[in-house]
Each structure stands twice: as structure tokens, then as C-alpha cells.
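*Asks:* Below: one structure in C-alpha cells.
All of the numbers you see were taken from the coordinates with simple rules; none came from a lab. Given the structure is predicted, the values throughout are model-derived calculations rather than measurements. Cβ placement follows ideal geometry from the backbone for every residue including glycine, while neighbour counts extend to all protein chains displayed.
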Ligand code: PRP
């Protein structure tokens, strides 16, 4: 356990079980559809790379990097720092997110990609935090639901730190209230 964490919320074993179960559901759903899995950088990096390795059908991978300004407002600007390499028109797209918090980032990204006419667009997330939702968006599937705690690890950061923790932990309040 990292000294800056109060507790381990999800261990490596629990994460693997949750990710494998989601991969199994997606494998069944996307048989014969050659889905395009999209990693939303950077927080999703470990979740994405573990998830797609358990997907047991032909699929393709792509990466996007966005930043959401005016986090309190649904109408804030979405800046695309790195766009997709693929044309999503007519494709079955699965957006892979690490956490849906306010939902503002994903709401804007979803609208951006829907305008490119994918055949379908599904949102999957490692962690769903519905208590803090502001934008009208929900995950289509998720591994875990969390309460209103500051979680880090397995890709999730605080000020770019803790992403490399192999578990998901609750950050001590004193770390981010200093
Ligand atoms: C985090 C996280 C989600 C988003 C969730 O990304 O990875 O993309 O915030 O928050 P929201 O639901 O309130 O919009 P961040 O912009 O911190 O970038 P990162 O993935 O590089 O950490």
C-alpha cells in the first residue's frame, strides 16, 4: 500500500476479475462487428491495455487525448490534443474511459464522435462515480461503481502522480488539501 492512500479500494486481483468480466461481455456483444476500441488518454491506459487483451474477437485500437475546460459547465470547450487516427464513420466504436465523474469530458467527446456517424457508440468505464454527475450521460457498462472518494492508481492520477500504482486506492485527504 502507498503511504499517501487511506486504503486499497480495489486490489490487483479484483481489478483483473472486473476487467475480464467486462471483456467477456464485450466479446459476446461485438462478434463479427470488428469493433474499434478507443483509449481516452491518459487515465485509461492500463485499463484499456488490459481490457483489449481479454477481447477474444478481431478488433482495432485507437487513441484520443482531450481536455475539458470549464469543468462545471456542460457547454465548456473540449480541446482535442490528439485526435483519432481512424475514420469512425460506419464503425462500431467502444469508448474506454477510466472514470466518469462529472461526465462533462465524455459528454462532449461523445457528441464530437457521434457527429462523425459511427454505426454505434458505446461507453465503457472502469469506475462510475454517479454521485458527482453533472452532464446528462451514463456508462453503458462499467467494472465498478464508486462513491465520492478521491481515487488514484491503475491510471488515475492526482496532479499526474500515482498513475502507476497497481491497485486503486483512496487518496488521503491531507495529500490534496495541503
Ligand atoms: C480524467 C478522467 C476522465 C475525466 C473524468 O481525465 O480520465 O477522462 O477526468 O472527469 P469528468 O467526468 O468530470 O469529465 P483528465 O482530464 O484528468 O486527464 P487524464 O486522463 O490524462 O488524467
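*Asks:* Tell me, in nm to one decimal, what length is gained between residue 3 and residue 16 on full extension, where the rule is 0.36 nm per residue of separation less the Cα-Cα distance? List each step's numbers first, then the result.
*Replies:* Details: separation 13, 0.36 × 13 = 4.68 nm, distance 2.31 nm.
Computed gain between residue 3 and residue 16 is 2.4 nm.
*Asks:* Using Cα pairs under 8 angstrom and six or more residues apart, how large is the relative contact order of region 97-144, in percent? Write down the numbers at each step before the final one.
*Replies:* On the way: 66 pairs, mean separation 24.2, N = 48.
About 50 percent, as a whole number.
*Asks:* Now for a separate question. Taking 8 Å as the Cα distance limit and 6 or more residues as the minimum spacing, I'd like the relative contact order of the chain as a percentage. Write down the numbers at each step before the final one.
*Replies:* Details: 354 pairs, mean separation 43.7, N = 178.
25 percent.
*Asks:* Of 152, 80, 94, which has the largest mean-square fluctuation in a 10 Å C-alpha GNM of the chain?
*Replies:* 80
*Asks:* Which stretch or stretches of region 1-38 have amide N atoms under 20 Å from the point lying 7 Å from residue 131's Cα along the Cα→Cβ direction?
*Replies:* 5-11
*Asks:* With runs of 4+ DSSP H residues as the only contributors, calculate the mean residue ellipticity of the chain at 222 nm using -39,500 (n - 2.57) per run, divided by the residue total and rounded to the nearest 500. Show your work: numbers first, answer last.
*Replies:* Working: 4 runs with 42 residues, N = 178.
Calculated mean residue ellipticity at 222 nm is -7000 deg cm²/dmol.
*Asks:* Another one. Would you mind telling me which residue in 103, 43, 147 has the biggest mean-square fluctuation in a Gaussian network model of the chain, where springs connect alpha carbons within a distance under 10 angstrom?
*Replies:* Judging by the Gaussian network model, the answer is 147.
*Asks:* Could you tell me whether region 118-178 comes out rounded, prolate or oblate from its Cα gyration tensor? Rule is a ≥ b ≥ c as square roots of the eigenvalues, rounded for a/c under 1.5, then prolate if a/b exceeds b/c, otherwise oblate. Don't jump to the answer; show the numbers that get you there.
*Replies:* Details: a/c = 2.43, a/b = 1.76, b/c = 1.38.
Prolate.
*Asks:* Enter the Cα centre distance for the pair region 119-166 and region 89-105, rounded to the nearest angstrom.
*Replies:* Going from one Cα centre to the other spans 11 Å.
*Asks:* Now, a different point. If packing is taken as the average number of other Cβ atoms within 10 Å across a peptide's residues, how do 33-40, 135-142 rank, most packed first? Present the calculation step by step, with values, prior to reporting the outcome.
*Replies:* Working: 33-40: 20.6, 135-142: 16.0.
Final packing ranking: 33-40, 135-142.
*Asks:* Follow-up. If each Cα of region 1-138 is one equal point scatterer, what is log10 of I(q)/I(0) from the Debye formula at q = 0.10, 0.14 Å⁻¹?
*Replies:* -0.35, -0.68
*Asks:* What share of Cα pairs, in percent, lie more than 23 angstrom apart in region 66-178? Please list the in-between numbers first.
*Replies:* Numbers: 2135 of 6328 pairs.
Taking all Cα-Cα pairs of region 66-178, the fraction more than 23 Å apart is 34 percent.
*Asks:* Need one word for region 1-44: rounded, prolate or oblate. Basis is the Cα gyration tensor (sqrt eigenvalues a ≥ b ≥ c); a/c below 1.5 gives rounded, then a/b vs b/c decides. Working shown, then result.
*Replies:* Details: a/c = 5.90, a/b = 2.03, b/c = 2.91.
Oblate, because a/c is 1.5 or more while a/b does not exceed b/c.
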